[in-house]
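The values are calculated or read from the model by the stated rules, or taken from the named source; none is laboratory data. Note that the structure is predicted; figures quoted are calculated from it, not measured. Because the Cβ atoms are built from the backbone with ideal geometry, glycine has one as well, and the counts that use them run over all protein chains shown.
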Amino acid sequence: MDPQIVTKPEMKVIGYQIRTTIKDNRNQTEVPAFWDRYLEQNLGSRIPNAVNRGTELGICMEFNSETGTFAYVIGMEVDCFDNAEPDMVCVTIPKSQYAVFTTSKVLESDFVPSIHRTWNYIFDEWFPTSGYRHAGTPEIEINDERLLNKQEMQMEIWIPVL
């Protein structure tokens, strides 16, 4: 599972945010539940100025290593922050170099565990031997048309690296 190393320019995102924690693996239930609510309520349709409505982002940011808490945003890349509603957050992600990991193609029933396996691989196996270190900027999950085939669901995880 070797990543591609790419540079991505600055990106603006409008979305919805929760705060969660890695303690007791709470993020592994709270983030999927947040996605369920986002999809059930069709919140993406409310996001103004979307660059590509077919691509939704999950952004991990503001990680606190002492408490294990972080903010998780579900949203879309936008060309400007105009008309964002009060319950939305506006995030500017700086230009960064990323290690891009792609999850395995799996059935819908194994998709969330596949995401967890990929995150675990990144931090438990890849980082310790890669020669890279985390850049400290937001991590991005990219959900696009590869989620439409429920027999071979797949997504990318972009990790900012130095």
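The one condition from (1) within 16 Å of Met11 (Cβ to Cβ); (2) crowded, with 16+ Cβ neighbours inside 10 Å that Ala99 does not meet is (1).
Taking the range 102-112 as the range and being within 15 Å of the chain's Cα centre (by Cα), surrounded by 17 or more Cβ atoms within 10 Å (Cβ to Cβ) and outside any helix (DSSP H, G or I) as the test, only Thr103 passes. Among the numbered criteria (1) over 25 Å from Ile14 (Cβ atoms); (2) surrounded by 15 or more Cβ atoms within 10 Å (Cβ to Cβ); (3) of a type in the set (S, T, N, Q), which single criterion is violated by Thr137? Status for Thr137: all satisfied but (1). Taking the condition touching a strand residue (DSSP E or B) at 6+ places or on another chain (Cβ under 9 Å), surrounded by fewer than 17 Cβ atoms within 10 Å (Cβ to Cβ) and not acidic (Asp, Glu), does Thr129 pass? Considered against the rule, which asks whether it is touching a strand residue (DSSP E or B) at 6+ places or on another chain (Cβ under 9 Å), surrounded by fewer than 17 Cβ atoms within 10 Å (Cβ to Cβ) and not acidic (Asp, Glu), Thr129 comes out as no.
Against the numbered list (1) surrounded by 12 or more Cβ atoms within 10 Å (Cβ to Cβ); (2) of a type outside the set (A, V, I, L, M, F, W, C); (3) not in a strand (DSSP E or B), Thr20 comes up short only at (3). Total residues in the range 32-61 satisfying the condition of being of a type in the set (S, T, N, Q), assigned to a loop (DSSP other than H, G, I, E, B) and at negative phi: the figure is 3.
Test Cys80 against the stated conditions and say whether it is within 26 Å of Glu108 (Cα to Cα) and in contact with a Pro (Cβ under 9 Å, 6 or more places away or on another chain). Judged against the criteria, Cys80 is not a match. Here Ile115, Ile122 are screened, and the one residue that is in a helix (DSSP H, G or I), over 24 Å from Lys150 (Cα atoms), under 18 Å from the mean Cα position of the chain (by Cα) and touching a residue at least 12 places away in the same chain (Cβ under 8 Å) is Ile122. Between Ile59, Ile74, the distinction of being surrounded by 15 or more Cβ atoms within 10 Å (Cβ to Cβ), more than 21 Å from Pro9 (Cβ to Cβ) and either modelled with pLDDT under 95 or within 12 Å of the chain's Cα centre (by Cα) (or both) belongs to Ile74 only. Search the range 140-162 for residues being of a type in the set (Asp, Glu) and in contact with a helix residue (DSSP H, G or I) (Cβ under 9 Å, 6 or more places away or on another chain), and hand back the single one that is surrounded by the fewest Cβ atoms within 10 Å (Cβ to Cβ). Selected residue: Glu152.
Return a yes/no flag: does the range 25-39 have any residue that is basic (Lys, Arg), out of contact with any Leu (no Cβ under 8 Å at 6 or more places or on another chain) and touching a residue at least 12 places away in the same chain (Cβ under 8 Å). Scanning the range 25-39 turns up no residue that is basic (Lys, Arg), out of contact with any Leu (no Cβ under 8 Å at 6 or more places or on another chain) and touching a residue at least 12 places away in the same chain (Cβ under 8 Å). In the range 62-71, what residues are assigned to a strand (DSSP E or B) and surrounded by fewer than 17 Cβ atoms within 10 Å (Cβ to Cβ)? Across the range 62-71, the qualifying residue is only Thr69.
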